[in-house]
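Beneath this line is the structure, given in structure tokens, with notes to follow.
The values are calculated or read from the model by the stated rules, or taken from the named source; none is laboratory data. Bear in mind that the values here come from a model prediction, so they are computed numbers and not experimental data. Cβ placement follows ideal geometry from the backbone for every residue including glycine, while neighbour counts extend to all protein chains displayed. The area values use the complete protein model at the heavy-atom level, side chains included, leaving out ligands, DNA and RNA. Shrake-Rupley method; radii C 1.70, N 1.55, O 1.52, S 1.80 Å.
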Amino acid sequence: MTKIDLITGILGSGKTTFLLKYARHLIDSGQRIAILENDFGAVNIDMMILQELKCDSCQLEMIAGGCDADCHRRRFKTQLISLGMQHVDRVIVEPSGIFDMDEFFDILHDSPLDRWFEIGSVLTVVDAEMEEQLSSQMEYLLGSEAACCGKLVLSKLNRIKNETVQQVSQRILAHINRSLEDIRCDRRFTERDLIAKDWDSFTNEDYRLFSCAGYRGSSYVKKFSPEDIESSVHYFMHVAIPQDSIEGLIGNIFGDESCGRIFRIKGSLPIEGGWLKINATREKTETAPVAEGQPVLIVIGDNVSRQRIDEYLTALNTDPEYVSI
């Protein structure tokens, strides 16, 4: 049977960066894999970020959009059926940061998927810089996405300067356990459930733990559905601005409270000779040239003011077809 992994984590936690490292290790180990980007959004920028993995041993697939949750679920199942017929060694699913865990487990019990796939690992990426008090909906997502995981993977640990690794681990574990208690989940995490180290120092043994992490069948109270989550995703399309203005623009949007509480800005913009891939959080903006892209920025956050961000973008944009949704 084909093993299938699920990588979860709330918005901006670092799922895609982790997936790049994990998938690269599997490819280098001689496995033939497929990556399924499973997103409710109309445009999936993470798919562009993963293009560097595409090769004979790695295929990239995407399911996006859908008029409602049932439609999205049908598309998810159809894509898995297609992958199941191709007999890859492993499928890695990366969902949106707003995700109902039941969708993953329920679909894998459907025929014929139950004959083709077995769950390998459910891994939850958690930001070491996560704020101590999240919105009630983000706290729910944190707990519900971690409840069934086989391992927690701590991200951005190298950015923490005023705490030891053990102090960070204890702080994050306490936060997740509070979130679990809030959704009436009996599970509690300890340090042995958490991999806390700089990602550049991952060893073959670490990757073995990731691929064999398994999962837990934990139950909890479902306080919200994906449709109820107020954290929003806005798309700003047909954006063309001077390359030397991009990082300053992103910094201004993050720094302006009237734009909302922004978690992440990602996308790609046209530059001379190609495209510039953008992946930004409040702490860091990463850019890199890529061969393929789309002129779009995606802004993720709470109470996002599309109109205010429009003002920043239209002041620099030279594409007359600019639109935001």
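Within 10 Å, count the other beta carbons around each residue, average over each peptide in 263-269, 158-164, and list them highest first. Provide the component values of the computation, followed by the final result.
Working: 263-269: 23.1, 158-164: 10.1.
Listed from highest to lowest mean packing, they are 263-269, 158-164.
Show me the ranking of peptides 293-304, 166-177 by mean Cβ neighbours inside 10 Å, starting with the highest. Show your work: numbers first, answer last.
Values: 293-304: 20.6, 166-177: 17.2.
Top to bottom by mean Cβ count within 10 Å: 293-304, 166-177.
Would you be so kind as to identify all helices of the chain, as entire DSSP H runs, whose Cα atoms reach 20 Å or more along the helix's own axis and whose mean Kyte-Doolittle hydropathy is at least -0.5? Provide the component values of the computation, followed by the final result.
Values: long enough: 69-84 (22 Å, -0.64); 165-182 (26 Å, -0.44).
Correct list, ordered by number: 165-182.
Label points 7 Å out from Cα along the Cβ direction at Y322 and S29: separation in nm?
Distance between the two pseudo-spin positions: 4.7 nm.
Can you pull the Rg over Rh of the stretch 157-217, Cα-only, Kirkwood?
On the way: Rg = 13.4 Å, Rh = 13.3 Å.
For the stretch 157-217, the value is 1.01.
Do the sum for the chain: with -39,500 (n - 2.57) for every DSSP H run of n ≥ 4, divided by all residues, what is the mean residue ellipticity at 222 nm, to the nearest 500 deg cm²/dmol? Intermediate results must be reported in sequence, preceding the final value.
Working: 10 runs with 103 residues, N = 325.
Estimated from H runs of four or more residues: -9500 deg cm²/dmol.
Within the stretch 253-267, find all residues whose amide N lies under 18 Å from a label point positioned 7 Å from the Cα of Q133 along Cα-to-beta-carbon.
261-262
Tell me the carbon and sulfur percent of the accessible area for the chain, rounded to whole percent, probe radius 1.4 Å. Don't skip to the end; give the middle numbers.
Values: 6650 of 14370 Å².
Carbon and sulfur together cover 46 percent of it.
Hey, can you find the accessible area per residue of the chain for me, probe 1.4 Å, expressed in square angstrom?
Numbers: 14370 Å² over 325 residues.
With the other protein chains kept in place, the chain gives 44 Å² per residue.
Using the Cβ atoms and a cut-off under 10 Å, what net charge is assigned to the surroundings of S305, where Lys and Arg are +1 and Asp and Glu are -1?
Details: positive: R306, R308; negative: D256, E257, D310, E311.
Once positives and negatives cancel, what remains is -2.
With a point put 7 Å past each Cα toward its Cβ, work out how far D200 is from E292 in nm, to one decimal.
3.0
What are the equivalent ellipsoid semi-axes of the stretch 128-277, built from the alpha-carbon gyration tensor (square roots of five times its eigenvalues), in whole angstrom, biggest first?
They are 32, 22, 16 Å, listed from largest to smallest.
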